[in-house]
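Inspection log for the structure reproduced underneath, given as structure tokens.
Quick note: the coordinates plus some simple rules give every number you see, no bench work behind them. Given the structure is predicted, the values throughout are model-derived calculations rather than measurements. Neighbour counts run over all protein chains shown; Cβ positions are idealised from the backbone, glycine included.
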Amino acid sequence: MSAITLTNASLQFGDHKLWQNLNLSIEPGEFVVVLGPNGSGKTSLLKRMLEDHADQCIGYIPQQRGFGEDVAIRGYDLVRFGLDGHKYGIGFGTKKAVDKAIKAVGAEDFAMQPLGKLSGGQQQRLRVAQALVENPSILLCDEPLLSLDLTQQGIVSNLINERRTKHKTAVVFVTHDINPILPMVDKVLYLVGEKWLLGKPDDILTTKALTELYGSPVEVLNIHGRLVVLGAEDSLHAEALGGHHE
């Protein structure tokens, strides 16, 4: 049985249409990355999944926004909120579950410190722990690598990948840069305006496929093993500005 299924799903804000007639099936343990320009409805897609699959145990990693220096809440408490602060009901988790989640992300040394005193990478590790504390079958990640340096990107990416390989957790990962996670990805969902493409990275991330998707010239380059997409954002510039940003 699929972990996530969307059938003929569409997104529209007033007269402004984004992805239309989207059909998506994600299996347990599958890693699906969602790409597309700003305003293409990536965050809205995650919210749709949260709503449509509310009866399942879902872990959610929001976009990285640093806590202010005056935030005194401990990292431990942030993780605990994943149990007894869950928006779909009050949980009855134990200290053992919180300790296990914190250990899984290697945050034991700083979990008792105020969030405002932690680095962006440390804060994000705790957000991952919060998302994992209920042992989710689905993990939705909204730009979890944003504002992290390369080392921290690798740590967070590997934590998420380890979760899905060991526990068959389905992962949906929104990002602007696929390179840090490319070796982990099973499928790419690329959203552009009302159109979308779904398939293996080698089939989607090509000059031919993306040129057809955008309807204007796009070039995909491999520079020392790093994929670079040229022309994509500019070709949708007017739509991105006129659309509803996430």
### Query
Taking a ≥ b ≥ c as the square roots of the eigenvalues of the Cα gyration tensor of the stretch 105-147, is the shape rounded (a/c under 1.5), prolate (a/b larger than b/c) or oblate?
oblate
#### Entry: Within the stretch 68-136: Cβ-based charge dipole about Cα centre, in debye rounded to nearest 20 (Lys, Arg +1; Asp, Glu -1)
180 debye
#### Entry: For peptides 30-36, 46-52, 57-63, sequence by mean Cβ density within 10 Å, most packed first
30-36, 57-63, 46-52
### Query
With a ≥ b ≥ c the root eigenvalues of the C-alpha gyration tensor of the stretch 135-175, is it rounded (a/c under 1.5), prolate (a/b larger than b/c) or oblate?
oblate
#### Entry: Approximate spin-label separation L221-Q113, in nm, with each point projected 7 Å along Cα-to-Cβ
4.0 nm
### Message
Looking at the chain as a GNM with Cα springs under 10 Å, which of K200, K117, K166 has the largest mean-square fluctuation?
### Response
K166
### Query
If you take the beta carbon distance between L146 and D55 as r and set R0 to 35 Å, what does 1/(1 + (r/R0)^6) give as a FRET efficiency, to the nearest 0.05?
0.75
### Task
As a check on your grasp of the helix formula, calculate [θ] at 222 nm for the chain: sum -39500 (n - 2.57) over DSSP H runs of n ≥ 4, divide by the residue count, round to the nearest 500.
-10000 deg cm²/dmol
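Explain nothing, just the number: relative contact order of the chain, from Cα pairs under 8 Å at least 6 residues apart, as a whole percent.
27 percent
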### Query
Which lysines have a Cα less than 27 Å from the Cα of K95, not counting those fewer than 8 places away in the same chain?
K87, K103, K117, K166, K168
### Task
Normalising by the residue count of the stretch 68-136, find the relative contact order in percent from Cα pairs under 8 Å and 6+ residues apart.
48 percent
### Task
With springs only between Cα atoms under 10 Å apart, run a GNM on the chain and tell me which of A111, A131, A209 wobbles the most.
A209
### Query
Can you give the Rg to Rh ratio of the stretch 1-147, both from alpha-carbon atoms, with Rh computed by the Kirkwood formula?
1.00
#### Entry: Bins of 10 Å from zero: percent of alpha-carbon pairs in the chain
7, 30, 35, 21, 7, 0
#### Entry: Cα gyration tensor shape for the stretch 68-136, rounded if a/c is under 1.5, else prolate or oblate
prolate
